[in-house]
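The structure under discussion appears below in the form of structure tokens.
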Amino acid sequence: MKHTISVLVENQFGTFNRVVTMFSGKGFNVHSMSIGETESPEISRMTIVTEGDDKIIEQVVKQLNRLIDTIKVVDLSGSPKVERELALITVYYQKGNRADIISVSNIFRGNIVDINNKSITIEITGPPDKIEAAVNVLEGYGIKEMARSGTVALKRGEQVKADKKELQQNIQV
Amino acid sequence: MKETKPVMSGAEIFFECLKREKVEIVFGYPGGATLKIYEKLYDVDFLEHILVRHEQGAAHMAEGYAKATGKVGVVLVTSGPGATNTVTGIADAYMDSVPIVVFTGQVPTHMIGNDAFQEADIVGITRPITKHNFLVRDINELASSIRKAFYIASTGRPGPVLVDLPKDVINSVCEFEYPEKVEMRGYKPNLLGHQNQIKKAAERIKKAKRPLLYVGGGVIMSGGNRELRLLAKENNLPVTMTLQGLGAFPMSDPQSLGMLGMHGTYWANQAVNNCDLLVSLGARFDDRVTGKIDAFATGAYKIHVDIDPTCIDKNVIVDLPIVGDVKHVLAELAAEISSPPKIDEWWEQIHKWQEECPLHYEKHDGKLRTEYILERLNEFTKGEAVIVTDVGQHQMWTSQYYKFNHPRSHLTSGGLGTMGFSVPAAIGAAFAIKDRPVISISGDGGFQMNMQELITAVYHKLPIKFIIINNSFLGMVRQWQELFHAEKYSFTDLSDSNPDFQKLGEAFGMKSFSTNRPEEVDSILEEMMQINDGPSLAEFRVEKEDMVFPIIPSGATIEEMMTKRLNPKEMI
């Protein structure tokens, strides 16, 4: 089963490499790995999509925790989360099917970001399964090349029903 | 008024940090990238620098020193080849959780990546074999990096830490401030075990009918041998130890079942196989211990105490994990158990196994055998010596025949299985251990892997007893070739290619002995024990084709244990 693991790490020289080395050294699978700064510049967030049975995922989380540069490791699978991925897909078009491609892009709420006389580049953002679906449809037209960002994810905030009084106060303000 | 901090050079900061960490000894080898440090070392009087002959030797010496004392072993080498030569030692320390800090020189920061002379990306190379490592790119980070390195190496599950020191960083200056406390968001070793878990474990021990303590090196590292003894003695529990755990519980005590696993005793392995409660203490269910995982202690409720959470459920799924320092957990467990379990029947069964298949070797054919030498050595030293073994048959025989009665007295390369470990590790240990004999035992193969360090022992007049068990074979490999590889003795026969070990010892300036007669063993050992102003060497030319028994073949179950060499007739 696929798991999305969110890891806060020290934004330091070699940290990314440490995580990658651990994954390859232990023989763990990696589907995607993305890293970027967080709200505080000395901390980066890595989002790792990995696959394995429960025993392996338990080891992945423990081994990540064991690294000195990791601050917090959370397996987001099973908890409410927002997952997004960005893909840039360049598709060949022929006479007559350019509009079809653009309409596919529209269905997936994609943006056309580049076009020339042979191909058209679409930017699509969304959960990984949406990207998969878009790729699946666009493959029929002939994909020239594709770049995917890998998944980024955050836990959803806790849903608390707003207090009526509070609401009214807010309206008054 | 603001306090002014002293301005110091990188080299001065380096030594000031070592002083604050109470480092007494450094094993090293100078080179281009560390010249500035060695220049400063000339004036340093609070520590002893030991010049080795090969950087691998330095790493193993630091390991031997750390294993024998529990303190952090320190290595100082230059960049490039100096650094890469320590890699085997670092990997060894990583596998056996030995606290060492390795300082490597590095080319100046602006030349890193340029394929400069004697450049190697040692931080990249050692990332998977260190607990952590540092490339100090700014002199302002030097003191805090060294402080962290010692802290990380010695706390939690210990391990090697490498600090890479570029030449320009060492040459520059900055204000010196030594951080009193180490604060790392990502590293907080958990010391205390979970109270409820400990209570549950105590209940289990109280109710057990066939309990067994399975003790690993973690008990020795945490200094928990007294607590272990208390728990075992008060509750009359049988104790079996791993290779690294030997000495955690006195082996001459009748409650000790000796070592378990591939070459463990028959009764220890039977006990593991038949127990209803297995309490693992600072051990990691290594494949050499478990054999076939699916058949390992299948009927037992398993409790696992370890400070490293990654060890839990890694190889064997356990029923009750306790993450914490094993010394603390042992003390609390002992306090928690009010009434000892009733296990007289269990002990009867264990004694039956002990009689059924005792350790055995041929004593009456007049040939010299390793087992005999070890029995005599045990007799001479009363189990009080520090024995440093290499890797192979002699190592396994030592674990079977030498009765280790103290922790930190059996030093060996377990996890990595590094041939060439014994000679330098014994030297490292001998710098710290002065009140007990330090004895290095190697095979003829492994001895030749780091024998250049003999001169280090001779120069420093260390009274180490170097024993070479010479069977003119890479014995353990030969044993596997005979048992599992169609008797194809491919490249394991050294009969025609070994040096004259006695002359070799003499060339290094050691009193040296050589014999193949059992009746001469006592007199040689006795004479060696008298030599205390320097090392001595003895070559014992033993029976060439002996094998270590019992043996459970790799990945097999206890039913497949071989206890003696099969007679060809029996095989048909």
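Overview of values
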| read-out | value |
| --- | --- |
| Subset tally (residues that are part of a helix (DSSP H, G or I) and either touching a residue at least 24 places away in the same chain (Cβ under 8 Å) or under 23 Å from the mean Cα position of the chain (by Cα) (or both)) for the stretch B:119-134 | 7 |
| Of residues in the stretch B:206-230 being surrounded by fewer than 24 Cβ atoms within 10 Å (Cβ to Cβ) and aliphatic (A, V, I, L, M), the one nearest to B:HIS328 (Cα to Cα) | B:LEU230 |
| The one condition in (1) more than 14 Å from chain B (Cβ to nearest Cβ); (2) closer than 30 Å to A:SER6 by Cα; (3) hydrophobic (A, V, I, L, M, F, W, C) that A:ILE57 fails to fulfil | (1) |
| Hits in the stretch B:169-187 - residues which are of a type in the set (Asp, Glu), assigned to a loop (DSSP other than H, G, I, E, B) and either more than 14 Å from chain A (Cβ to nearest Cβ) or surrounded by 14 or more Cβ atoms within 10 Å (Cβ to Cβ) (or both) | B:GLU177, B:GLU180 |
| Among the candidates A:SER44, A:SER77, residue that is surrounded by fewer than 17 Cβ atoms within 10 Å (Cβ to Cβ), in contact (Cβ under 8 Å) with a residue 12 or more places away in the chain and among the hydroxyl-bearing types (Ser, Thr, Tyr) | A:SER77 |
| Count of the stretch A:60-83 residues which are of a type in the set (D, E, K, R) and either part of a loop (DSSP other than H, G, I, E, B) or within 11 Å of another protein chain (Cβ to nearest Cβ) (or both) | 4 |
| Any hit, the stretch B:269-276, residues being in a loop (DSSP other than H, G, I, E, B) and buried (at least 23 other Cβ atoms within 10 Å of the Cβ) | yes |
| Boolean, B:SER79 is more than 15 Å from B:ALA33 (Cβ to Cβ) and among the hydroxyl-bearing types (Ser, Thr, Tyr) | no |
| Of residues in the stretch A:20-41 being at the interface with chain B (Cβ under 10 Å from one of its Cβ atoms) and not small (Gly, Ala, Ser), the one surrounded by the fewest Cβ atoms within 10 Å (Cβ to Cβ) | A:LYS26 |
| Selected residue (criterion: farthest from the chain's Cα centre (by Cα)) from residues of the stretch B:135-157 that are within 10 Å of chain A (Cβ to nearest Cβ) and under 30 Å from B:VAL219 (Cβ atoms) | B:LYS148 |
| Conditions (1) more than 14 Å from chain A (Cβ to nearest Cβ); (2) in a loop (DSSP other than H, G, I, E, B); number of the one not met by B:GLY218 | (2) |
| Odd one out for B:VAL388 among (1) surrounded by fewer than 23 Cβ atoms within 10 Å (Cβ to Cβ); (2) of a type outside the set (S, T, N, Q); (3) not in a loop (DSSP other than H, G, I, E, B) | (1) |
| Filter result for B:ILE205 (closer than 26 Å to B:ILE100 by Cβ, away from every other protein chain (no Cβ under 14 Å) and either hydroxyl-bearing (Ser, Thr, Tyr) or in a helix (DSSP H, G or I) (or both)) | no |
| Pick from the stretch A:117-130, criterion farther than 17 Å from A:THR47 by Cα and modelled with pLDDT of 95 or more, ranking: farthest from the chain's Cα centre (by Cα) | A:SER119 |
| Unmet requirement for B:ARG436, which otherwise passes all of (1) assigned to a loop (DSSP other than H, G, I, E, B); (2) closer than 22 Å to B:PHE540 by Cα | (2) |
| Test: residue in the stretch A:104-115 that is surrounded by fewer than 17 Cβ atoms within 10 Å (Cβ to Cβ) and either closer than 27 Å to B:GLU183 by Cβ or modelled with pLDDT under 95 (or both) | no |
| Any hit, the stretch A:93-111, residues being of a type outside the set (S, T, N, Q) and assigned to a strand (DSSP E or B) | no |
| Selection count where residues are part of a helix (DSSP H, G or I) and either of a type in the set (Asp, Glu) or within 14 Å of another protein chain (Cβ to nearest Cβ) (or both), scope the stretch B:288-319 | 5 |
| Inter-residue pairs, beta-carbon under 9 Å, first small (Gly, Ala, Ser) and in the stretch B:357-368, second part of a loop (DSSP other than H, G, I, E, B), 6+ apart | B:GLY366/B:ARG517 |
| Those residues of the stretch B:227-253 which are out of contact with any strand residue (DSSP E or B) (no Cβ under 6 Å at 6 or more places or on another chain), farther than 24 Å from B:GLY64 by Cβ and outside any loop (DSSP other than H, G, I, E, B), in sequence order | B:GLU227, B:ARG229, B:LEU230, B:LEU231, B:LYS233, B:GLU234, B:ASN235 |
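Quick grid of which residues meet (1) more than 28 Å from B:TRP353 (Cα to Cα); (2) charged (D, E, K, R):
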position	(1), (2)
B:GLU453	yes, yes
B:THR492	yes, no
B:GLU519	yes, yes
B:ALA538	yes, no
B:GLU560	no, yes
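The values are calculated or read from the model by the stated rules, or taken from the named source; none is laboratory data. As the structure is a computational prediction, the values presented were derived from the model and not from experiment. Every residue, glycine as well, gets a Cβ built from its backbone with ideal geometry; the counts of neighbours run over all protein chains shown.
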